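The values are calculated or read from the model by the stated rules, or taken from the named source; none is laboratory data. Because the structure is a prediction, the values reported are computed rather than measured. Positions of Cβ are generated from backbone atoms using ideal geometry, with glycine treated the same way; all protein chains shown enter the neighbour counts. Heavy atoms of the whole protein, side chains included, go into the accessibility calculation; ligands, DNA and RNA do not. Shrake-Rupley method; radii C 1.70, N 1.55, O 1.52, S 1.80 Å.
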Amino acid sequence: MESRKPQRSALVDSYVVPGDVILDLADMTNQTIKLGAGLRQDCDTIQATSAGRLRLSKPNKYWVENSQKRYVPSVEDTVLGIVVDTKPDNFLVDIKGPNLAFLPVLSFEGGTRRNIPKFEDWYINICQSGESK
């Protein structure tokens, strides 16, 4: 039996998008290929699942290199969040960032230290007025 060198994908060091076929495994026999981030095996093909530059390191390790980073909210950004705790002066809101956000009670219309708004009532009032959230 002949010892063949593994086939190198023609797309190495070029940009790929999700769905691009990187390798056809039907042509390869007795070779081990390691898949990294951004790639998956679908039957007899290796396909990209994220956009970026296809990379190869020896022996036969493929991955998609991209510059995707996690969004980190900044002050004054408009975000959606879930109230996870109520304090006397503010609400703690989970905005899926590295930290919880503080939402002051006094920032709501009619909100005072004695009159803390209830979000259940606020949500019902918005839904009844015809606005959708």
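Data table
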{"read-out": "Selected residue (only one of V64, V72 is within 30 Å of R40 (Cβ to Cβ), modelled with pLDDT under 75, open to solvent by less than 100 Å² (accessible area, probe 1.4 Å) and not polar (S, T, N, Q))", "value": "V72"}
{"read-out": "Leading residue by the ranking (farthest from the chain's Cα centre (by Cα)) among those in segment 40-61 that are touching a residue at least 12 places away in the same chain (Cβ under 8 Å) and open to solvent by less than 50 Å² (accessible area, probe 1.4 Å)", "value": "N60"}
{"read-out": "Residue count for segment 10-48, restricted to those that are part of a loop (DSSP other than H, G, I, E, B) and polar (S, T, N, Q)", "value": "5"}
{"read-out": "Residue within segment 94-111 that is touching a helix residue (DSSP H, G or I) at 6+ places or on another chain (Cβ under 7 Å), at pLDDT below 70 and part of a loop (DSSP other than H, G, I, E, B) present", "value": "yes"}
{"read-out": "Restricting segment 1-39 to residues that are of a type in the set (D, E, K, R), at pLDDT below 90 and on the phi < 0 side of the Ramachandran plot, the residue that is most open to solvent (accessible area, probe 1.4 Å)", "value": "K5"}
